[in-house]
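First the structure, in the form of structure tokens, and then the observations on it.
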Amino acid sequence: NDKMTLGTAGSSAIEVNVIGNVTMPLQPAFMATGVTTNNIAIATAGTTLAFSEVFDQNSDFSSNTFTAPVTGKYQLQFGLRVDGIDTAAAWVRAVIITSNRQYKTMIIDPARTFSSDPDYFSLSTSVLADMDAGDTAVVAWGQSGGAATADLKDDSQFSGYLVA
């Protein structure tokens, strides 16, 4: 069938097609979109944000959490649309929290950044994270003070894959 397949235990691990494209069907990779969440709870340590799975190539994403199946380097990223950030908050930010550390976006002082509560705002970050087998990663919203008026929108996303 003009395809070379390498596998173990009856599962295809690496496939090379006739034109040389290489795929690894069991390679960890996921993509999830935001679940609209109104009035995200205020927590300086971060409130875990809700996401809905679009694809999960190795069944490693569940309940808003990615769990590394093997030790390695993982590319993780998010893009968030957040509406209604309260300008009375001392600061806001979004974070990727892994078992080993936190990867923080810029911290925003809403009162200095906006003249009034913004209709919408976007935050994004990406990181090459060192994760051990069983380590987890989530995206969280951090906010100090103000009111819980920030809303996560469904055009937000969180994704990741094993690099090495």
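Once the mean 1/r over all distinct Cα pairs of the chain is inverted, what Kirkwood radius in angstroms do you read off? Result for the chain, one decimal place: 17.1 Å. With the full set of protein chains in place, find how many percent of the accessible area of the stretch 95-164 is carbon and sulfur; take the probe as 1.4 Å. Reported share for carbon and sulfur atoms: 46 percent. Along the axis of the charge dipole computed for the stretch 1-129 (Cβ charges of +1 for Lys and Arg, -1 for Asp and Glu, origin at the Cα centre), the listed residues Val35, Leu6, Phe51 are led at the positive end by Leu6. Given +1 at the Cβ of Lys and Arg, -1 at the Cβ of Asp and Glu and no other charges, the dipole of the stretch 94-162 around its Cα centre is 200 debye to the nearest 20.
Reported to the nearest whole Å, the Cα centre-to-centre distance from the stretch 1-27 to the stretch 33-99 is 32.
Of the solvent-accessible surface of the stretch 5-78, computed with a 1.4 Å probe and all protein chains present, 55% belongs to carbon and sulfur. Of all the options Ser63, Ser12, Ser126, the one that moves most in a Gaussian network model of the chain with Cα springs shorter than 10 angstrom is Ser12. The residues of the chain present an accessible area of 50 Å² per residue when probed at 1.4 Å with all protein chains retained. Remark: the Cα gyration tensor places the stretch 102-164 in the prolate category, a/c being 1.5 or greater and a/b exceeding b/c.
Relative protection proxy for 15-21, 76-82, 151-157, from highest mean packing down: 76-82, 151-157, 15-21 (other beta-carbon atoms within 10 angstrom). Just Ser59, Ser11, Ser99 to compare: in a GNM of the chain, with alpha carbon springs under 10 Å, which one fluctuates most? In this elastic network of the chain, the residue with the biggest mean-square fluctuation among Ser59, Ser11, Ser99 is Ser11.
About its Cα centre, the dipole of the chain is roughly 340 debye, where the only charges are +1 on Lys and Arg Cβ and -1 on Asp and Glu Cβ.
The values are calculated or read from the model by the stated rules, or taken from the named source; none is laboratory data. On a predicted model such as this, the values are computed, not experimentally measured, just so you know. Every residue, glycine among them, receives a Cβ derived from its backbone with ideal geometry; neighbour counts consider all protein chains shown. Accessible surface is based on the protein model in full, side chains and every heavy atom, while ligands, DNA and RNA are left aside. Shrake-Rupley method; radii C 1.70, N 1.55, O 1.52, S 1.80 Å.
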